[in-house]
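Trainee: Input: one structure, supplied below.
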Amino acid sequence: MSSTGQKCHVSCNGRCWGPKEDQCQTLTKTVCAEQCDGRCFGPWVSNCCHRECAGGCSGPKDTDCFACTNFNDSGACVTQCPQPHVYNPTTFQLESNPRAKYTYGAFCVKKCPHNFVVDHSSCVRACPSNKMEVENDRIKMCIACTDICPKACDGIGTASLQSAQTVDSSNIDKFTNCTKINGNLVFLITGIKGDVYHNIEALDPEKLNVFRTVREITGFLNIQSWPENMTDLSVFSNLATIGGRALYR
């Protein structure tokens with residue numbers, strides 16, 4: 001019986017994916033020679049599957065696997081995808097590999113999908129925290145940051161902080177490691193001293209040190225209230241640009 005409930009073709013011996021003759025299931029031999037590690041297509045030593053096969057095979061080659069243990073490189077099961085550089089034993093140097101491919105899931109690909117970035121030799125959804133995304137020859141890739149990695153964050157009244165009116169104890173952690181604020185930074189008395197009506201506690205002045213990484217604000221900086229025990233604005237010592245794309249009204 002097939003997976004759809006239809007009768008198998010007589011040549012399938014009762015095991016199939018559908019009713020047609022070419023939809024028979026191919027079963028791996030379960031009794032293998034000891035050297036085959038349980039994966040073979042016949043009882044003899046010469047019938048072992050390739051070591052990169054997972055589950056079974058139809059022949060001895062890495063292209064005969066039903067599934068790959070590691071990666072699929074254009075139909076061949078491999079331990080790893082062709083790396084960006086190969087070692088030249090004559091010159092004792094690493095050289096660019098013209099056959100290089102990127103790891104994308106369980107497959108080796110020549111190009112990562114447009115919505116992925118390259119991290120070393122793999123396609124990833126986003127760069128790790130110690131790397132930043134750059135574009136080189138129309139290829140988006142991750143490179144190590146020499147200092148604090150650039151990180152753009154929403155400002156007050158923008159996107160994820162659309163409903164916020166001020167920096168306060170409920171949202172200040174969203175500015176951790178931000179180097180650029182897309183929008184504005186606003187400090188009102190309800191943010192600094194707390195807002196009883198909205199059940200928001202007073203802001204711990206030490207938390208304001210989170211802004212020491214900020215280098216750019218695309219909108220404006222509006223400070224109407226500030227902790228009494230802080231006599232300067234040194235938390236903005238690295239702020240170099242206030243874009244003024246939006247003006248305070």
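Each reported figure results from applying straightforward, stated rules to the coordinates on display, with no laboratory input. Note that this is a predicted model, so its numbers are computed, not measured. Note that each Cβ is placed from the backbone with ideal geometry, even for glycine, and that neighbours are counted across all protein chains shown.
Trainee: Considering all alpha-carbon pairs of the range 1-148, what whole percent are spaced by more than 24 angstrom?
Mentor: It works out to 56 percent of all Cα pairs.
Trainee: Grab the Cα-Cα distance for Arg245 and Arg51, subtract it from 0.36 nm times how many residues apart they are, and report the gain in nm with one decimal.
Mentor: Once the chain is fully extended between Arg245 and Arg51, it gains 63.8 nm.
Trainee: Express in % the proportion of alpha carbon pairs of the chain at distances exceeding 21 Å.
Mentor: 74 percent
Trainee: In the chain, if the dipole is taken from +1 on Lys/Arg beta carbons and -1 on Asp/Glu beta carbons about the Cα centre, which of Phe116, Phe175, Gly244 is farthest to the positive end?
Mentor: Going by the charge dipole, the pick is Phe116.
Trainee: What residue among Thr179, Thr146, Thr213 shows peak mean-square fluctuation when the chain is described by a Gaussian network model with Cα springs under 10 Å?
Mentor: Result for the chain, Cα springs under 10 Å: Thr146 fluctuates most.
Trainee: Tell me the mean residue ellipticity at 222 nm calculated for the chain from its helices only (DSSP H runs of n ≥ 4, each -39500 (n - 2.57), averaged over every residue, nearest 500).
Mentor: Result for the chain: 0 deg cm²/dmol, rounded to the nearest 500.
Trainee: What's the whole-number percent of alpha carbon pairs in the range 85-144 lying beyond 16 angstrom?
Mentor: 50 percent
Trainee: Express the relative contact order of the range 152-242 as a whole percentage, based on alpha carbon pairs under 8 Å and six or more residues apart in sequence.
Mentor: Relative contact order comes out at 29 percent.
Trainee: Ratio to report: Rg/Rh of the range 152-242, with Cα atoms as the point set and Rh obtained by the Kirkwood method; give two decimals.
Mentor: 0.93
Trainee: Right, another one. How many angstrom separate the Cα center of the range 93-159 from the Cα center of the range 186-241?
Mentor: Here the two parts' Cα centres lie 33 Å apart.
Trainee: Also, quick follow-up: When only Cα pairs under 8 Å and 6 or more residues apart are kept, what is the percent relative contact order across the range 15-98?
Mentor: Result for the range 15-98 is 14 percent.
Trainee: Please compare each pair in Lys111/Lys131; Lys61/Lys111; Lys20/Lys61; Lys110/Lys131; Lys111/Lys174 to a cut-off of 32 Å on the Cα-Cα distance and tell me which ones are over it.
Mentor: Beyond 32 Å between Cα atoms: Lys111/Lys174.
Trainee: Counting other Cβ atoms within 10 Å of each Cβ, which chymotrypsin sites (Phe, Trp or Tyr not before Pro) in the range 51-142 have at most 11 and sit in a DSSP loop?
Mentor: Here the sparse-neighbourhood loop sites are Phe92.
Trainee: Please build a GNM for the chain, connecting alpha carbons under 10 Å apart, and tell me which residue among Gln165, Gln83, Gln93 fluctuates the most.
Mentor: Judging by the Gaussian network model, the answer is Gln93.
Trainee: For the range 106-202, just list the percent of Cα-Cα distances falling in each 5 Å bin from zero outward, please.
Mentor: Each 5 Å bin holds this share of Cα pairs: 3, 12, 17, 14, 13, 12, 10, 8, 6, 4, 2, 0.
Trainee: Report Rg/Rh for the range 162-213, rounded to two decimals, where Rg is the Cα radius of gyration and Rh the Kirkwood radius.
Mentor: We get a ratio of 0.95 for the range 162-213.
Trainee: Further question on the same structure: Relative to the present Cα-Cα distance, how much length would full extension add between Thr69 and Glu206 at 0.36 nm per residue of separation?
Mentor: 44.2 nm
Trainee: Under a crude label model (7 Å from the Cα following the beta-carbon direction), how far is Ser11 from Ala100 in nanometres?
Mentor: Here the modelled spin labels are 4.7 nm apart.
Trainee: Between His198 and Thr176, what is the spin-label point distance in nm, taking each point 7 Å from the Cα along the Cα→C-beta axis?
Mentor: Going by the 7 Å Cα→Cβ label model, 2.1 nm.
Trainee: At 0.36 nm per residue, and after removing the present C-alpha to C-alpha distance, how many nm does the segment from Ala76 to Leu233 gain when stretched out fully?
Mentor: Here the answer is 50.4 nm.
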